[in-house]
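Before I ask anything, let me first share the structure, which is written out below as structure tokens.
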């Protein structure tokens with residue numbers, strides 16, 4: 001999936017590729033790549049070092065938002081943490097941040113504590129608020145009464161103007177959208193799957209920010225975090241029909257993608273069926289661009305295009321970095337996208 005801009009992370013690519021290899025790539029040279037045995041002979045501590053690198057928590061941030069000292073935000077990845085159930089062969093733990101049937105609650109709570117501390121860079125971390133997400137257009141104005149380990153409300157959008165609260169959206173392919181009002185110092189977070197997008201969760205949420213906080217679109221900045229890209233998000237014809245009934249730009253959100261299965265290309269006769277023309281599964285599949293759909297809602301809400309940041313990573317393409325429900329066939333953890341207002345101590 002094409003990235004509109006690059007996110008800042010807690011770790012540089014060089015830490016994962018190796019400094020020498022990265023430098024060689026940068027200088028245009030052809031680096032010598034050693035196999036694992038040779039690397040262990042040259043550096044017996046390499047395996048231990050790699051394990052430590054994998055255990056680091058990596059946070060994706062919006063570069064321009066780092067200039068707002070009152071704003072706290074971040075998109076999690078799967079590296080770091082204590083979860084082992086989803087990748088048992090991996091010796092380092094992962095950062096599952098959602099309560100699932102497969103991961104013990106105490107492990108998730110420990111992961112959340114480490115993540116929130118890393119995001120806020122403060123041992124006295126703010127209170128995290130999450131929702132029981134139901135793919136709706138339901139939004140809430142959040143206060144301290146909503147904080148706690150367990151989600152207390154059902155819905156898919158939150159907003160607040162209170163400091164020391166961190167709004168958290170859980171995803172494993174759906175699109176997380178974060179919004180900040182630079183003038184009113186209010187923030188919002190939305191969970192946008194295809195159903196929530198169809199119900200205009202982001203557009204309606206911004207409308208509520210205007211009512212609750214007096215927000216003006218020209219003062220808002222928005223970030224669309226990692227989520228499944230159009231490259232991987234195959235949907236049925238009924239989804240296209242639903243979108244076409246709601247959005248005039250719906251045709252631009254869909255594309256037909258042909259299967260690049262090399263076996264089908266080499267042995268097409270093996271995949272012939274007796275189905276009537278137009279009913280075979282050999283043709284192109286229909287793909288939906290959820291990122292663009294939500295970007296269009298931000299634009300329709302009046303937010304300037306230059307104030308919309310699209311991180312660009314496809315979670316289904318990168319299950320090594322993100323949890324992906326589709327790529328991992330439903331057995332996966334959850335990422336968190338968080339935003340909040342830093343408590344500024346008075347001098």
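The values are calculated or read from the model by the stated rules, or taken from the named source; none is laboratory data. Model, not experiment: these values are computed from the prediction. Heads up, the Cβs are rebuilt from the backbone with ideal geometry, glycines too, and the neighbour counts pull from every protein chain shown.
Filter the range 292-312 down to the residues that are part of a loop (DSSP other than H, G, I, E, B) and surrounded by 19 or more Cβ atoms within 10 Å (Cβ to Cβ), then identify the one that is nearest to the chain's Cα centre (by Cα).
The extreme case among them is 311.
Kindly provide the set of residues from the range 87-100 that are in a loop (DSSP other than H, G, I, E, B) and either at pLDDT 95 or above or under 13 Å from residue 149 (Cβ atoms) (or both), ordered by number.
Kept after step one, since they are in a loop (DSSP other than H, G, I, E, B), are these residues of the range 87-100: 87-93, 95-100.
Matches in the range 87-100: 95, 96, 97, 98, 99, 100.
Sticking with this one: List pairs: first residue in the range 237-248 and on the phi < 0 side of the Ramachandran plot and free of Cβ contacts under 8 Å to residues at least 40 places away in the same chain, second residue surrounded by 11 or more Cβ atoms within 10 Å (Cβ to Cβ) and part of a helix (DSSP H, G or I) anywhere in the structure, Cβ distance under 7 angstrom, at least six positions apart or on different chains.
Within 7 Å, the pairs are 244/250.
Further question on the same structure: Across the range 138-157, what is the number of residues that are closer than 23 Å to residue 342 by Cβ, touching a helix residue (DSSP H, G or I) at 6+ places or on another chain (Cβ under 8 Å) and at pLDDT 95 or above?
Adding up the residues that qualify gives 4.
Does the range 80-89 contain at least one residue that is free of Cβ contacts under 8 Å to residues at least 24 places away in the same chain, out of contact with any strand residue (DSSP E or B) (no Cβ under 7 Å at 6 or more places or on another chain) and within 27 Å of residue 221 (Cα to Cα)?
no
Sticking with this structure for a sec: What are the pairs, 6+ residues apart or on separate chains, where a residue within the range 110-139 that is free of Cβ contacts under 8 Å to residues at least 40 places away in the same chain and on the phi < 0 side of the Ramachandran plot has its Cβ under 8 Å from a residue that is in a loop (DSSP other than H, G, I, E, B) and buried (at least 21 other Cβ atoms within 10 Å of the Cβ)?
Here the result reads 111/95; 111/96; 111/97; 129/142; 134/156; 138/156, each pair linking the range 110-139 to a residue that is in a loop (DSSP other than H, G, I, E, B) and buried (at least 21 other Cβ atoms within 10 Å of the Cβ).
What pairs come up if the first residue lies in the range 144-155 and is within 17 Å of residue 126 (Cα to Cα), the second is modelled with pLDDT of 90 or more and not in a helix (DSSP H, G or I), and their beta carbons are under 6 Å apart, counting only those six or more places apart or on different chains?
Listed by first residue and then by second, the contacts come to 146/129; 146/152; 147/127; 147/129; 151/130; 151/131; 151/132.
Go through the range 302-347 and give me each residue that's touching a residue at least 60 places away in the same chain (Cβ under 8 Å) and more than 28 Å from residue 98 (Cβ to Cβ).
302, 303, 304, 307, 344
Are any of the residues in the range 160-170 without any contact (Cβ under 8 Å) to a residue 24 or more places away in the chain, touching a strand residue (DSSP E or B) at 6+ places or on another chain (Cβ under 7 Å) and in a loop (DSSP other than H, G, I, E, B)?
Kept after step one, since they are without any contact (Cβ under 8 Å) to a residue 24 or more places away in the chain, are these residues of the range 160-170: none.
The answer is no, given that none of the residues of the range 160-170 is without any contact (Cβ under 8 Å) to a residue 24 or more places away in the chain, touching a strand residue (DSSP E or B) at 6+ places or on another chain (Cβ under 7 Å) and in a loop (DSSP other than H, G, I, E, B).
Further question on the same structure: Any chance you could count how many residues in the range 315-347 are under 19 Å from residue 254 (Cα atoms) and surrounded by fewer than 24 Cβ atoms within 10 Å (Cβ to Cβ)?
3
For the condition buried (at least 24 other Cβ atoms within 10 Å of the Cβ), in contact with a helix residue (DSSP H, G or I) (Cβ under 6 Å, 6 or more places away or on another chain), modelled with pLDDT of 95 or more and at negative phi, what is the one hit in 197, 171?
197
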